[in-house]
Amino acid sequence: MKSSTNVIPSTLPKGAPPVRHYLQFADFSTEEYHYLLARAAMIKKKFKTFEKHHSLEDRTLAMIFEKASTRTRVSFEAGMYQLGGSVVHLTTGDSQLGRSEPIEDSAKVISRMTDIVMIRTFEQTKLERFAANSRVPVINGLTNEFHPCQILADIFTYIEHRGPIAGKTVAWVGDGNNMANTWLQAASLLGFHLRVSTPSGYELDEKIAVTPDGMGTGSYKTYSDPMDACKGADLVTTDVWTSMGFEAENEVRRTAFAAWCVNREMMAVAAPDALFMHCLPAHRGEEVEAEVIDGPQSVVWDEAENRMHVQKALMEYLLLGRLE
Ligand code: CP
Ligand code: NVA
């Protein structure tokens, strides 16, 4: 029987959950996040005690990078090996993606030979086009619009250090970029308050972050002065002034963002036990003072490590569903 062109059959075994993708934070429910965060804690504990956790034996992850990476590459690759699987690493330059093979054709081919795909690319629409043509789950490893794996790791890190994040206050200082958009979706789903302070002209774009069903609306407040955003905050977080793909704006941004450097004064007005986070890579002396990122309130190295633990839970969940 000829199958319908818009039904992409999964290669997953009978009984496995239907193919789901993780293209933005809003793709999972609050309840699914509670499961995932608990599962990641269990997986991390096993890793720390050298206990084998081979839930994805014989499975292959394809990693496609159209932008540079250190953490995303290492965390997905090491994580997949630790789950008993293997990886294939592709970049624009060393694959036919760089020679204009349509993303739809690439998705059809890659998803016939691998079990799960992680993509770092430019426009979210490119990721969506890949997912629409993939037989297997697709994970957003960063787009211009979103970085859900990073926020998942950040929330896991907050909980590890301070307990539940619901009801807490997160201050975002800097660009209204992919990280800020994702924080907004997370605030809505996980019930914390988000304060956003960006220079004029670099505001968060609600049209990107708010989902068609309204998730994200009203879940944040804007502040023109970053000091006001930080007052009493439980977590202060920032990111580079110029994200990948926007390098041409570097000089203009340097001027516009000068007052959006997270410094000791900002941390001093935050809650006494406030944490500092940065997804990294960081530029000391630009978006953050060295004394803050290298200071006692900073948890950036835990944040980076936790990428690996949460992504192991994520890949397992997308392929095998709920395991306990
Ligand atoms: N935070 C993050 O995604 O880092 P990389 O760009 O090094 O992957
Ligand atoms: N906003 C940054 C995050 C890097 C991990 C970028 O997109 O370049």
Exercise for the section: Test T125 against the stated conditions and say whether it is without any contact (Cβ under 8 Å) to a residue 12 or more places away in the chain and either within 16 Å of ligand 2 (Cβ to nearest atom) or within 28 Å of A180 (Cβ to Cβ) (or both). Expected result: yes
Out of all the residues in region 112-129, is one or more surrounded by 22 or more Cβ atoms within 10 Å (Cβ to Cβ) and in a helix (DSSP H, G or I)?
-> yes
Within region 74-96, restricting to residues that are hydrophobic (A, V, I, L, M, F, W, C) and within 12 Å of ligand 1 (Cβ to nearest atom), the one that is nearest to D115 (Cα to Cα) is F76
Just one listed residue, out of T211, T237, T222, T169, is within 16 Å of ligand 1 (Cβ to nearest atom) and in contact (Cβ under 8 Å) with a residue 24 or more places away in the chain, and it is T237
Among helices (runs of 4 or more DSSP H) completely within region 220-324, the ones holding 3 or more residues that are surrounded by 13 or more Cβ atoms within 10 Å (Cβ to Cβ) and among the aliphatic types (A, V, I, L, M) are 264-269, 300-320
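Results for (1) among the aliphatic types (A, V, I, L, M); (2) in contact with a strand residue (DSSP E or B) (Cβ under 8 Å, 6 or more places away or on another chain), shown as yes or no for each residue.
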{"position": "R264", "(1), (2)": "no, no"}
{"position": "A282", "(1), (2)": "yes, yes"}
{"position": "W301", "(1), (2)": "no, no"}
{"position": "A304", "(1), (2)": "yes, no"}
{"position": "M308", "(1), (2)": "yes, no"}
{"position": "K312", "(1), (2)": "no, no"}
Filtering region 240-251 down to residues that are more than 13 Å from ligand 2 (Cβ to nearest atom) and closer than 14 Å to E286 by Cβ yields E251
By residue number, the members of region 54-106 that are under 22 Å from the mean Cα position of the chain (by Cα), within 24 Å of N144 (Cβ to Cβ) and assigned to a loop (DSSP other than H, G, I, E, B) are E66, K67, A68, S69, T70, T92
A270 passes all but one of the listed conditions (1) in contact with a Gly (Cβ under 8 Å, 6 or more places away or on another chain); (2) within 23 Å of T143 (Cα to Cα); the exception is number (2)
Exercise. Does M42 qualify as being within 16 Å of ligand 2 (Cβ to nearest atom), of a type in the set (A, V, I, L, M) and either surrounded by 17 or more Cβ atoms within 10 Å (Cβ to Cβ) or under 29 Å from N181 (Cα atoms) (or both)?
Worked result: no
Taking first residues from region 265-281 that are more than 8 Å from V236 (Cβ to Cβ) and touching a residue at least 40 places away in the same chain (Cβ under 8 Å) and second residues anywhere that are in a strand (DSSP E or B) and of a type in the set (A, V, I, L, M, F, W, C), the pairs with Cβ under 7 Å that are 6 or more apart or on different chains are H278/V288
**Asked** What about A132, is it more than 16 Å from ligand 2 (Cβ to nearest atom) and of a type in the set (G, A, S)?
**Response** yes
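Hey, among F76, F146, F65, F50, which residue is surrounded by fewer than 18 Cβ atoms within 10 Å (Cβ to Cβ), aromatic (F, W, Y) and modelled with pLDDT of 95 or more?
F50
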Flagged pairs (Cβ under 9 angstrom, 6 or more apart or on separate chains; first in region 289-304, farther than 10 Å from L275 by Cα and in contact (Cβ under 8 Å) with a residue 40 or more places away in the chain; second hydroxyl-bearing (S, T, Y) and part of a helix (DSSP H, G or I)) are D302/T157; E303/T157; A304/S75
Residue set R71, R59; condition within 16 Å of ligand 1 (Cβ to nearest atom), under 20 Å from G141 (Cβ atoms) and either among the acidic types (D, E) or at pLDDT 95 or above (or both); output residue R71
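The values are calculated or read from the model by the stated rules, or taken from the named source; none is laboratory data. None of the values given here were measured: they were computed from a predicted structure. Backbone-built Cβ (ideal geometry, glycine too); neighbour counts: all protein chains shown.
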